[in-house]
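For reference, the structure discussed in these notes is given below.
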Amino acid sequence: MPRTITVGLDGSPESRAAAEWAAEEAESRGLPVRLVHVWQPVPEPIAQAPLLGAETHQHWTERIPRESAEELRLAHPGIEVTTEQLNGVPAEALVRAAQDAELLVLGSRGLSGVGGFLVGSVGLAVVASTERPVVLVRPGGQTAGGHAATTGRRPVVLGLDTSNPDAALIEFAFEAAAARGVPLCVLHGWNEPYYYPYGMAPDPQVTEMVAQSAAAALDEALKPWQQKHPGVEVVTQSRSGSPSVVLIDASHEASLVVVGRRIRRSSIGAHIGPVTHAVLHHSTAPVAVIAHH
């Protein structure tokens, strides 16, 4: 049984944008779409209210995935769309739903007046907990569609830590670029040489050596995947500065930004990481988070 592109749906414009993005992704991958709606049982005092009882609430929540599925089938007749109603805490239910998915797609509100996301507690909890790829999409702008037909030649942007170049992260980015027929732009941000924080005069030779070393490490990390995906045009950029700032700047011209999340287990729970956390909130393109060891 093939994996699905699973969408967490709540009827909001954000989740509908996520469903549309997922449908386009499903077309490019030849996979079905599964719309998942999590229904939380109505508390007893509300259930007894005459206008918003439990049956009424359930009726409206059942309409959300049904109507969204009908819309997707009309707009994308070539893909299979199924719906599923789950009960429980939304973040926990979505993490369980993601286990059998090729990827999980969630909607996120756009920041008013500022490019970027407003990632809610459910989205952050899901990203931090699931080991399946998660894509966050916000309505409007370049995120309304994620593929060549709607984004021209906007590249897929991959943020890569050359000290830990994870295979799953790189493979996901190459496959995403290949499916869209767009270039893959691989970015690596590196810190300024040691003398900068102390106010010392910069040494151009030292800076150049650091830059060359970082660029060489980036090229070396990508060699196996460039051989595996010869049809993907790859552009590498090794820049000085904060990795999160480098990626957020690049997101303005991207169709998709791909970042990693190191799987860590600790007493205080799962961890997203500062770079991925910043990109999740401030990218203007959809963001794919790939969990890795």
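Exactly one residue among 102, 92, 80 is under 30 Å from residue 225 (Cα atoms) and either modelled with pLDDT of 95 or more or surrounded by fewer than 21 Cβ atoms within 10 Å (Cβ to Cβ) (or both), and that residue is 102.
Residue 171 meets the conditions (1) part of a loop (DSSP other than H, G, I, E, B); (2) modelled with pLDDT of 85 or more; (3) surrounded by fewer than 20 Cβ atoms within 10 Å (Cβ to Cβ) in every case but one. The failed one is (1). Would you confirm whether any residue within the range 187-197 is of a type in the set (A, V, I, L, M), in a strand (DSSP E or B) and at pLDDT 70 or above? Yes, there is a match, as at least one residue in the range 187-197 is of a type in the set (A, V, I, L, M), in a strand (DSSP E or B) and at pLDDT 70 or above.
Would you confirm, using the coordinates I've provided, whether residue 69 is modelled with pLDDT of 90 or more, in the same structural domain as residue 99 (by TED's automatic domain parsing) and buried (at least 18 other Cβ atoms within 10 Å of the Cβ)? Judged against the criteria, residue 69 is a match.
Do we have residue 255 as modelled with pLDDT under 85, within 30 Å of residue 123 (Cα to Cα) and of a type in the set (S, T, N, Q) here? The answer is no for residue 255. If you go through the range 1-13 and keep only what is surrounded by fewer than 24 Cβ atoms within 10 Å (Cβ to Cβ) and under 17 Å from residue 139 (Cα atoms), you end up with 10, 11, 12, 13. Filter the range 110-160 down to residues that are closer than 16 Å to residue 289 by Cβ, assigned to a loop (DSSP other than H, G, I, E, B) and at pLDDT 90 or above, then give me how many there are. The number of residues fulfilling the criteria is 5.
Residues that are assigned to a strand (DSSP E or B), modelled with pLDDT of 90 or more, at negative phi and touching a helix residue (DSSP H, G or I) at 6+ places or on another chain (Cβ under 7 Å) are absent from the range 215-227.
The values are calculated or read from the model by the stated rules, or taken from the named source; none is laboratory data. Quick caveat, the model's predicted, so the values are computed rather than measured. When we count neighbours, we look across all protein chains shown, and the Cβ atoms used for this are built from the backbone with ideal geometry, even at glycine.
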